[in-house]
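The values are calculated or read from the model by the stated rules, or taken from the named source; none is laboratory data. All values derive from a computational prediction rather than experimental measurement. Note that each Cβ is placed from the backbone with ideal geometry, even for glycine, and that neighbours are counted across all protein chains shown.
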Amino acid sequence: AQTVTQSQPEMSVQEAETVTLSCTYDTSENNYYLFWYKQPPSRQMILVIRQEAYKQQNATENRFSVNFQKAAKSFSLKISDSQLGDTAMYFCACYPFGNEKLTFGTGTRLTIIP
Amino acid sequence: DVKVTQSSRYLVKRTGEKVFLECVQDMDHENMFWYRQDPGLGLRLIYFSYDVKMKEKGDIPEGYSVSREKKERFSLILESASTNQTSMYLCASGETGGGGANVLTFGAGSRLTVL
């Protein structure tokens, strides 16, 4: 079984600043995907970014990037130049190959302050 | 765009009632999932299905059952609703395998209140 831990229940930053959300995970599988999902207030969950564990290069998507430390089982999300629309719950998730089960963390509520 | 549609956005039911939560996806995805979302607990997997008529228990299946008679439809059933099942229920679908797969598309959620 896999576990995903997000140790920051809430965070807030000023608009235009950079913020990093933490995530650690544990899985017995060698091959897996890691994800960050975003759930804006009263809106649907959407994918932010995905990292394949066998790729050493950190994934990036515009202002969003990850710091993937496989040995430490750490997968943090960095949001640069934060915008008001980044206000949301952010969930880290782990998907081991062949398991078909996506396990989520407890989430971090991020508020961007104008 | 892939769409996952949950039939009810808000429901209020009485203790002991039978509750059906319906979910339909329009992109021919093999996998479908039901999660429960509670503050401080994140998303917890109730059941998932990787094919028609196939189902697998997730982490918290007690008190729930599911049905998948057609590929596009996955139903969550609460046989006898209890107050501790008051929650937000999220349905999701996704493809099997690696590559561009494994990304889940979520529905808007069904907020169930059991009185």
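Some notes on this structure:
- A:ASP26 meets the conditions (1) in contact with a Cys (Cβ under 9 Å, 6 or more places away or on another chain); (2) crowded, with 16+ Cβ neighbours inside 10 Å in every case but one. The failed one is (2).
- Hits in the stretch A:1-17 (condition: part of a loop (DSSP other than H, G, I, E, B) and out of contact with any Asp or Glu (no Cβ under 7 Å at 6 or more places or on another chain)): A:ALA1, A:GLN6, A:SER7, A:GLN8, A:PRO9, A:GLU15, A:GLU17
- The test for being touching a helix residue (DSSP H, G or I) at 6+ places or on another chain (Cβ under 9 Å) and either within 12 Å of chain A (Cβ to nearest Cβ) or within 22 Å of A:THR108 (Cβ to Cβ) (or both) holds for B:ARG36.
- All of A:TYR32, A:TYR37 fail the test of being crowded, with 19+ Cβ neighbours inside 10 Å, at pLDDT below 95 and within 14 Å of chain B (Cβ to nearest Cβ), apart from A:TYR32.
- Exactly one residue out of B:GLU79, B:GLU62, B:GLU22 is touching a residue at least 12 places away in the same chain (Cβ under 8 Å) and exposed (fewer than 13 other Cβ atoms within 10 Å of the Cβ): that is B:GLU79.
- Note on the stretch B:50-68: residues that are at pLDDT 95 or above and among the charged types (D, E, K, R) amount to 2.
- B:VAL103 being in a loop (DSSP other than H, G, I, E, B) and hydrophobic (A, V, I, L, M, F, W, C): yes
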